[in-house]
Amino acid sequence: MPTIRRARVGLVIAALFVWPAWADEPRGFLETIHRHTTLSSTVTDNGDLNPYAVVVAPVSTGKVAKDDVLVDNFNNISNLQGTGTTIVGYRPSTQQTYLFTRLPQSLPQCPGGVGLTTAMTMLKTGWVIVGSTPSRDGTTATKGDGCVLVLDPAGALVAAWSGPTINDPWGNMAVVDNGATATLFISMAGFSLPGPGVVDPRTHLPVVMRKATVLRLRLSVPAGKPPVLTDQTVVANGFAQRADPDNFLLGPTGLALAPDGTLYVTDGLDNVITAIPNATARTDSAGTGKLVTQGGLLSWPLAMTWSPEGHLLVCNGKDGRLVEVDPVAGKQVYAQWINTDQAQSPPGNGDLFGIALMPDNKGFYYVMDDTNTLMRGAR
């Protein structure tokens, strides 16, 4: 989604929206969040902006201290999407921000170059893995297939994974990290996606494709050496995807893995959350999975994470709300406006993206694209 530099108007965080039918039921984690704090700008010295991924470091190594918050940028100084090459770190203990890495724009081993997305994680062994969905002009008309990049704890590039199953790594990663091995789930949103000028004659909007997938990557992590990609399996496919002149592309974005191996996926175009059963072990695709919830408080659901109670916290893309969902019951529990920028309609439209739970479980980190800032919501 693009970032436009503008004045913030009427940022009122206290407004809460409740789904009336469940008003008498406990409303979960979000109801306890009352304080929202601006922590840091995410704009780098080279002017990169439009923060996407939010990751909390699990270990101290290299440039990174345990519990640092890593944030990457999708746009360059010209506000062209798919051209951001930087990751910044924020250290809560000192309230300082630092540059973790600045990658080259052109990278031969990554088809199309570098444009860092919300597909990012840091492993227990210190390796940072991040997706690239690149463009030359800020639209999907010139996008490349991209790749998955591996960085060492000092921010140096050590590997780039690409190939027929990898096409524009997009959504936030779900991760199983066992140290010597790891499993990553990444949505791939670029297959056969045309530019925004290719429109459906009925809707006059860019054509909707249904070729987006969720790819499971198994890794071996030898001691002191970079991760090695050992296996790739498409565990879900058929999700909606569309080029967009304002938001680059729309596709499956949020991924969250339950302890029982069920993978939850947000599909913004269909305004839905679905469940992929047995995602950690299955050997085939479950298609788009089983419906969990659709519509209601959801408004183009994007990145998501778990609450301490086992609910999903889902960022809306078309307004500034965070929605809490009980995935087992299939109920939308509660919603809170965490961005109410009146410069958009509805307020906060296009401003939210990445989210991560704080290590103490007392709140969450998120980014606001309208102000290029890292935020904290806490009790």
Exercise. Which is in a loop (DSSP other than H, G, I, E, B), touching a Ser or Thr at 6+ places or on another chain (Cβ under 6 Å) and charged (D, E, K, R), of ASP341, ASP319?
Worked result: ASP319
Exercise. Within region 173-250, which strands (runs of 3 or more DSSP E) (wholly inside it) include 3 or more residues that are crowded, with 19+ Cβ neighbours inside 10 Å?
Worked result: 181-188, 208-220, 228-244, 248-250
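Results for (1) of a type in the set (Val, Ile, Thr); (2) under 23 Å from ALA53 (Cβ atoms), shown as yes or no for each residue.
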residue	(1), (2)
GLY195	no, no
HIS204	no, no
ALA212	no, yes
VAL221	yes, yes
GLY238	no, no
ASN247	no, yes
THR253	yes, yes
GLY287	no, no
Seminar exercise, completed: The condition of being in a loop (DSSP other than H, G, I, E, B), touching a Phe, Trp or Tyr at 6+ places or on another chain (Cβ under 9 Å) and under 25 Å from CYS315 (Cα atoms) holds, among GLY89, GLY84, only for GLY84
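Right, VAL114: in contact with a Leu (Cβ under 9 Å, 6 or more places away or on another chain) and not in a loop (DSSP other than H, G, I, E, B) or not?
no
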Exercise. Here are ALA240, ALA258, ALA212: which of them is touching a Gly at 6+ places or on another chain (Cβ under 9 Å) and without any contact (Cβ under 8 Å) to a residue 40 or more places away in the chain?
Worked result: ALA240
Seminar exercise, completed: When every residue in region 320-331 that is surrounded by fewer than 23 Cβ atoms within 10 Å (Cβ to Cβ), in contact (Cβ under 8 Å) with a residue 24 or more places away in the chain and not basic (Lys, Arg) is compared, the one farthest from ALA256 (Cα to Cα) is GLY330
Problem set entry | Count of residues meeting criterion [under 14 Å from LEU30 (Cα atoms) and either touching a helix residue (DSSP H, G or I) at 6+ places or on another chain (Cβ under 7 Å) or modelled with pLDDT under 95 (or both)] in region 343-362 | 0
For this session: Output yes when any residue across region 335-346 is surrounded by fewer than 22 Cβ atoms within 10 Å (Cβ to Cβ), out of contact with any strand residue (DSSP E or B) (no Cβ under 8 Å at 6 or more places or on another chain) and free of Cβ contacts under 8 Å to residues at least 12 places away in the same chain, and no when none is.
Result: yes
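Just for region 149-172: of the residues that are assigned to a loop (DSSP other than H, G, I, E, B) and not small (Gly, Ala, Ser), which one is nearest to GLN105 (Cα to Cα)?
Result: ASP168.
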Exercise. With ALA141, ALA154 as the choices, which residue is small (Gly, Ala, Ser), surrounded by fewer than 20 Cβ atoms within 10 Å (Cβ to Cβ) and closer than 17 Å to LEU193 by Cβ?
Worked result: ALA141
Problem set entry | Tally, over region 166-212, of residues that are more than 19 Å from the chain's Cα centre (by Cα) and among the polar types (S, T, N, Q) | 4
Exercise. Within region 365-379, how many residues turn out to be crowded, with 24+ Cβ neighbours inside 10 Å and touching a Gly at 6+ places or on another chain (Cβ under 7 Å)?
Worked result: 3
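The values are calculated or read from the model by the stated rules, or taken from the named source; none is laboratory data. For clarity, every value in this text was computed on a predicted model and none was experimentally measured. Glycine gets a Cβ as well: all are built from the backbone with ideal geometry, and neighbour counts include every protein chain shown.
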